1. Sort through R51, R27, R43 and tell me the only one that's of a type in the set (K, R) and under 15 Å from the mean Cα position of the chain (by Cα).
2. For the range 4-18, state whether one or more residues are modelled with pLDDT of 95 or more, aliphatic (A, V, I, L, M) and surrounded by fewer than 13 Cβ atoms within 10 Å (Cβ to Cβ).
3. For A36, are the conditions met, namely being exposed (fewer than 12 other Cβ atoms within 10 Å of the Cβ) and in a helix (DSSP H, G or I)?
4. Restricting to the range 10-27, give me the number of residues that are more than 15 Å from G67 (Cα to Cα) and either in contact with a helix residue (DSSP H, G or I) (Cβ under 9 Å, 6 or more places away or on another chain) or in contact (Cβ under 8 Å) with a residue 60 or more places away in the chain (or both).
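The values are calculated or read from the model by the stated rules, or taken from the named source; none is laboratory data. These numbers come from a predicted model, not from an experiment. No Cβ is skipped: glycine too gets one built from the backbone with ideal geometry, and neighbour counts run over all protein chains shown.
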Amino acid sequence: MSPALRRLRPAAPDPADGLREHSAALRAHALRLRTAAEALDRRGPQADAFRAEVAALADRCATAANGLAVAAAQLAH
């Protein structure tokens, strides 16, 4: 490839940046899930079970976000 074309070609995205972006998105999803579950005004055993399921999903999102953040940090070194 000629040097002129090489200059016009955008640089490849940094994989660590992509992981950090996905991590931030998962953290935002977890927060939205928790906020929405807390805002439910229904009460009773079914509502409590639903809140517990949503909380578990939010926890899984947060755990995945932490894993992505660790992977991004490892790539950055």
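1. R27
2. Among the residues of the range 4-18, not one is modelled with pLDDT of 95 or more, aliphatic (A, V, I, L, M) and surrounded by fewer than 13 Cβ atoms within 10 Å (Cβ to Cβ), which makes the answer no.
3. On the way: exposed (fewer than 12 other Cβ atoms within 10 Å of the Cβ): no; in a helix (DSSP H, G or I): yes.
Answer is no for this residue.
4. Taking the range 10-27 as the starting set, the residues that turn out to be more than 15 Å from G67 (Cα to Cα) are 10-14.
Filter once more, keeping what is either in contact with a helix residue (DSSP H, G or I) (Cβ under 9 Å, 6 or more places away or on another chain) or in contact (Cβ under 8 Å) with a residue 60 or more places away in the chain (or both): 14.
Qualifying residue count for the region: 1.
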